[in-house]
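Have a look at the structure below, then the notes.
The values are calculated or read from the model by the stated rules, or taken from the named source; none is laboratory data. From a predicted model like this one, the values you see are computed outputs, not experimental measurements. A quick note on method: Cβ atoms are made from the backbone with ideal geometry, for glycine too, and the neighbour counts reach across all protein chains shown. What goes into the accessible areas is simple: the full protein's heavy atoms, side chains included, and nothing from ligands, DNA or RNA. Shrake-Rupley method; radii C 1.70, N 1.55, O 1.52, S 1.80 Å.
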Amino acid sequence: NPVGNVTTLTNHPAATVVGNWVHVVATFDGTTAKVFLNGEWSASYAPIHPYAPGASGSTFTIGERNDTGFRWAGNAGEVAYYTNALSASDIAAHYNMAQTNAAGYTARVLANNPVLFYHLNEAGDPFTVNSGSLDGAVQGSYTSGTTPGQPGPRPVTYPGFESTNNAVVVNGTGDSVAVTALNLNTNTVTISGW
C-alpha cells in the first residue's frame, strides 16, 4: 500500500515532537505517494511494485493495518479518507484552517468530500460516527484497548477546533478503530488525520 507506510516517509528530526499534535496527510495519485506534515510536503516516492487497489470488502482501520500489521501507539483524531489525491494547496488549507479559524477545520475537510471522516471524539461510546459522504451508515467501532474521549487538538494552539475536541488513544498492542468492510477500490487516495 503506497500510502499505508507513513512512518517510512516521515523520518526526519523536525517531523514530530512527542506530546505535540501533527497533521499527517498521505496521498497517492496513481503514480506517486506523498506525505505532508503540518500542511507542508515532507516526502514522496514512486512505489517499486504496481499499486493494486484493496480487495473488495476490506476493512479500514486506524491504529494498525487491517491485517493487524504495522501497529502503532499514539493518539489519533479527525481521520478522513478520500477517493482522490488532494492537492498540496487543499492540504495546506486544511492545516491553515486548524490554526486560524474558530471551529473551521471540520467545514474545510468536508468541502473536499471525504467518504469517511471520523472525529474520534466519542467518550464512553463503543462507536464513532462517520461525517463523510457515506454518512452514519458507516460507523467505526473502538476495539478493546482503545481509549476514546481523550484531549485532541484544541485551542489555543489550534483555534480551528472546538475547546472540547477529543481524540482516541491506541496502545499499539492490537487495539484500533475498525470500520465496516467497504468497497473503496480506487487507485487514487488521500488519508488525513492528526
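Of everything in the range 126-138 that is open to solvent by 70 Å² or more (accessible area, probe 1.4 Å) and under 12 Å from V168 (Cα atoms), the residue that is nearest to the chain's Cα centre (by Cα) is F127. Considering the range 84-104, and only residues there that are of a type in the set (S, T, Y) and either open to solvent by 60 Å² or more (accessible area, probe 1.4 Å) or touching a Pro at 6+ places or on another chain (Cβ under 8 Å) (or both), the residue that is nearest to N187 (Cα to Cα) turns out to be S89.
Yes/no per residue for (1) at pLDDT 95 or above; (2) of a type in the set (D, E); (3) loosely packed, with under 14 Cβ neighbours inside 10 Å:
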residue	(1), (2), (3)
H12	no, no, yes
T16	no, no, no
N20	no, no, yes
V25	yes, no, no
D29	no, yes, no
P50	no, no, yes
G54	no, no, no
F60	no, no, no
R65	no, no, no
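List every residue pair whose Cβ atoms lie under 8 Å apart, where the two residues are 6 or more positions apart in sequence or sit on different chains, the first residue falls within the range 123-135 and is closer than 20 Å to T146 by Cα, and the second residue, located anywhere, is surrounded by fewer than 13 Cβ atoms within 10 Å (Cβ to Cβ). Going by the 8 Å Cβ cut-off, the qualifying pairs are V129/G136; N130/G136; N130/A137.
Taking the criterion of being out of contact with any helix residue (DSSP H, G or I) (no Cβ under 8 Å at 6 or more places or on another chain) and within 14 Å of V25 (Cα to Cα), the residues of the range 96-115 that qualify are N96, P114.
Need the failing condition index for L120 against (1) in a loop (DSSP other than H, G, I, E, B); (2) surrounded by fewer than 22 Cβ atoms within 10 Å (Cβ to Cβ); (3) out of contact with any helix residue (DSSP H, G or I) (no Cβ under 7 Å at 6 or more places or on another chain), just the number. Here L120 clears every test but (2).
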